[in-house]
Amino acid sequence: MAERLIERPGLRLRHWPAWLPPARAAELLGALRDEVPWKQEAITLYGRRHLLPRLTCWMADPGCGYRYSGLANVIEPWSPAAAALRQALQELTGWRFNSLLLNRYRDGRDAMGWHADDEPELDGAAPIASLSLGAPRDLRLRPQPSPRRPSGLTSPVGYSMGLGSDGSGCTPFNLPLRNGDLLLMEPPTQLWWQHALPRRLRLQQERLNLTFRVVG
Ligand SMILES: O=C(O)CCC(=O)C(=O)O
């Protein structure tokens, strides 16, 4: 399906609904479910250990480590299905992604909290390519409450800081992501916006999300 461009002050997303046809998406979901060494990680917040509400895996080239929420991810080698997707995304975008975070939401109780993917390990000039497989879920986006701005960088024209809208086009919004959708989050989105995947308690189906990144 045709590409859609979604723009707000400081945000630029390229969305390909059904980038993968349903049969290919189903084949990949099955392959990744079987070949990825899924783990349920735990993080410690204020001295208490919490299991993440999803399964994850970090695949990357040697040396492309990544740390978030205090977790230093163990690097797994590229699985055949993930390597084939990386190749297809390189042909589409021109970027050689050297790392991949896989998230497996077992049902609608699994989720992801607000974050920006603005960690210093990530190449700020590179996009993040996000592929969704399985059950549809909403990606929620909002302006960063406190942007980590490099010194001297001024806000994009029309950007309103903090939450709540003043009518300037920075209202939080939902982007439904369906089976086979591809989303390219382009710079400077990670500097100015956060995203989250809220719970959907009635949903019983599984969803996988793959975010291809450039570390370094
Ligand atoms: O599951 C999604 O669509 C979001 C994943 C995400 O935010 C991330 O991997 O950083």
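The Cβ shell under 15 Å around residue 96 holds other residues with a net charge of -1, Lys and Arg each +1, Asp and Glu each -1. With a simple spin-label model that places each label point 7 Å from the Cα along the Cα-to-Cβ direction, the separation between residue 107 and residue 173 comes to 3.3 nm. Taking 0.36 nm per residue of separation and subtracting the current Cα-Cα distance, fully stretching the chain between residue 23 and residue 39 would add 3.1 nm. Estimated from helices alone, the mean residue ellipticity of the chain at 222 nm is -4500 deg cm²/dmol (sum of -39500 (n - 2.57) over DSSP H runs with n ≥ 4, per residue). Per-residue Cβ neighbour counts within 10 Å put 112, 185, 1 in the sequence 1, 112, 185, beginning with the fewest.
In summary, the convex hull built on the alpha carbon positions of the chain has an orientation-averaged projected area of 12.6 nm². With both residues required to sit in the chain, DSSP beta bridges show an antiparallel share near 95%. Relative to one another, the C-alpha centroids of region 201-216 and region 1-57 are positioned 2 Å apart.
Quick note: the coordinates plus some simple rules give every number you see, no bench work behind them. Keep in mind it's a predicted model, so treat the numbers as computed, not measured. Note that we place each Cβ from the backbone using ideal geometry, even for glycine, and neighbour counts take in every protein chain shown.
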